[in-house]
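Working notes, structure below.
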Amino acid sequence: MSDKENTFDDEFLENELLEDETQEQKQENEIEGEELSEEEKLREELVKEKDKFLRLFAEFENYKRRTSKERMELFKTAGQEVIVSLLPVLDDFDRAIKELAKTDDMEVFKGIELINVKLNETLKSKGLEILEVRAGDVFNADIHEAITQIPAPDKKMKGKVIDVIEKGFKLGDRIIRHPKVVVGN
């Protein structure tokens, strides 16, 4: 074999080896590229799952807050229904005490008055308050319920409460029955 042939064979082998190495590097780069893209995909999925988790957690916290608030409102309104149903009984007690005050039987009067005081104190402990309205107070449509208007006895009483027909009550901060009044015109 001549030197030329050896050189040619050596060059051919070197070129083949270089081509093989280049192909191997390409394959490795492709594999690494796939791994990177898989890693990127996994990171994207992780970000999506974290976002989904945070949204779900926030939604659950809002649900807990809302149901807690609804439960508190339910307790308030459940008590409110009972108290509102007892308001006519309070009115009847007031009328009975006025009539019994006219009689001579003080024992019956004292007994009814004691029961009335006890009922009022019990309801007061549950949050019931009487809305204090007197003749001469300025009429406020947000608080008072005008039953009728009559000509004012004097100019000072125009737009003011002339008479209170029925007491008003508050339960906590909420008016559960507006006082019924007669207004001067």
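Among I115, I130, which is the only one that is in contact with a Phe, Trp or Tyr (Cβ under 7 Å, 6 or more places away or on another chain) and not polar (S, T, N, Q)?
Details: I115 fails: in contact with a Phe, Trp or Tyr (Cβ under 7 Å, 6 or more places away or on another chain).
Of I115, I130, the one residue that is in contact with a Phe, Trp or Tyr (Cβ under 7 Å, 6 or more places away or on another chain) and not polar (S, T, N, Q) is I130.
When the range 61-82 is examined, which residues are found to be of a type in the set (D, E) and closer than 19 Å to D173 by Cβ?
Within the range 61-82, E70, E73, E81 qualify.
Just the residues that are open to solvent by 90 Å² or more (accessible area, probe 1.4 Å) and in a helix (DSSP H, G or I), please, taken from the range 93-116. It would help to see each step written out before you state the result.
We begin by selecting, within the range 93-116, every residue open to solvent by 90 Å² or more (accessible area, probe 1.4 Å); these are 95, 98-99, 102, 104, 106-107, 110, 114-115.
R95, K98, E99, M106, E107, K110, L114, I115, listed by residue number.
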E49 being surrounded by 10 or more Cβ atoms within 10 Å (Cβ to Cβ) and modelled with pLDDT of 90 or more: yes
Complete set of residues in the range 117-133 that are in contact with a Leu (Cβ under 8 Å, 6 or more places away or on another chain), free of Cβ contacts under 8 Å to residues at least 40 places away in the same chain and either open to solvent by 50 Å² or more (accessible area, probe 1.4 Å) or within 19 Å of P179 (Cβ to Cβ) (or both): N120
Test set (1) open to solvent by less than 60 Å² (accessible area, probe 1.4 Å); (2) in contact (Cβ under 8 Å) with a residue 60 or more places away in the chain; (3) of a type in the set (D, E, K, R) - E61 fails condition number: (2)
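Would you be able to tell me the number of residues in the range 134-173 that are among the β-branched types (V, I, T) and open to solvent by 70 Å² or more (accessible area, probe 1.4 Å)?
The initial filter retains those residues of the range 134-173 that are among the β-branched types (V, I, T), namely 138, 143, 147-148, 150, 161-162, 164-165.
Keeping just the survivors that are open to solvent by 70 Å² or more (accessible area, probe 1.4 Å) gives 138, 147, 165.
Result for the range 134-173: 3.
The values are calculated or read from the model by the stated rules, or taken from the named source; none is laboratory data. Remember, it's a predicted structure, so these values are computed and weren't measured experimentally. Positions of Cβ are generated from backbone atoms using ideal geometry, with glycine treated the same way; all protein chains shown enter the neighbour counts. Areas reflect the complete protein model, heavy atoms only, side chains present, ligands, DNA and RNA absent. Shrake-Rupley method; radii C 1.70, N 1.55, O 1.52, S 1.80 Å.
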